[in-house]
Amino acid sequence: NATETFLANSMSGEFRWQRVEQRHMVYLKHVSADIHPGLKLDDANGELQWDAHGHEGVLTVKKFALEQGELFAKWLDSQSQAANYLEHIAPSGNASQIKLRWLKQKDKWQDYDVEAHLNAIHSKAYEQIPGLKNWSGHLTLHPNSGNIDLDTQNASIDLAAVLRWPVPIDHLQGNIEW
């Protein structure tokens, strides 16, 4: 893997890193950052812990903006499924009022919760995943369920595996649950 440099144009807040035996802990308090190439974080707070057996964390973020999501695939193991998807779907957009909680042990997700307001979300179509342009709504995820309350205007969806061109959407409101 080639080393990739990401430059923080600005960063503020409290960042503490502690190691107790083989366990690492990172604490964030009112952390804001503008990281080149295109990641902005505003008022992140939380605690992350990891060791050889897994990791867990609680994180809240007031605002998050991502301009070139595919570039951040380089932060991950190049053989990982997450890196592959990031590289191909190239997500971008804004999220606010983000709340994350997770627990992963021995390479298995034990528990997680995600909640966020999404605005102007864009992605490219890849395999069976549709491409999105200018989607907005509120997302909630849990291990066995999730939902998104859509409130989208002037958007489109690209069903590349089915249709030649993206389908335009003037206005879409609704709730999708799984």
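For this structure, a couple of remarks:
- S156 vs. criteria open to solvent by less than 30 Å² (accessible area, probe 1.4 Å) and polar (S, T, N, Q): yes
- Complete set of residues in the range 165-175 that are open to solvent by 80 Å² or more (accessible area, probe 1.4 Å) and within 19 Å of I89 (Cβ to Cβ): W165
- If the condition is being assigned to a loop (DSSP other than H, G, I, E, B) and of a type in the set (A, V, I, L, M, F, W, C), then the range 36-69 contributes only A52.
- When the residues of the range 36-55 are filtered to those that are under 19 Å from G93 (Cβ atoms) and open to solvent by 60 Å² or more (accessible area, probe 1.4 Å), the one that is farthest from the chain's Cα centre (by Cα) is H36.
- Every listed requirement among (1) surrounded by fewer than 15 Cβ atoms within 10 Å (Cβ to Cβ); (2) assigned to a strand (DSSP E or B) is met by S78 save one, (2).
- Qualifying residue in the range 126-136 (condition: hydrophobic (A, V, I, L, M, F, W, C), within 14 Å of the chain's Cα centre (by Cα) and either closer than 27 Å to H30 by Cβ or assigned to a strand (DSSP E or B) (or both)): no
- Any hit, the range 22-35, residues being open to solvent by 30 Å² or more (accessible area, probe 1.4 Å), outside any loop (DSSP other than H, G, I, E, B) and in contact (Cβ under 8 Å) with a residue 40 or more places away in the chain: no
- Some residue of the range 93-110 being charged (D, E, K, R) and touching a helix residue (DSSP H, G or I) at 6+ places or on another chain (Cβ under 6 Å): no
- Residue count for the range 127-146, restricted to those that are within 19 Å of Q81 (Cβ to Cβ) and open to solvent by 40 Å² or more (accessible area, probe 1.4 Å): 6
The values are calculated or read from the model by the stated rules, or taken from the named source; none is laboratory data. Everything quoted here is computed from the prediction, not taken from an experiment. FYI the Cβ positions are ideal-geometry reconstructions off the backbone, even for glycines, and counts take in every protein chain you see. Side chains included, ligands, DNA and RNA excluded: accessible areas come from the protein's heavy atoms. Shrake-Rupley method; radii C 1.70, N 1.55, O 1.52, S 1.80 Å.
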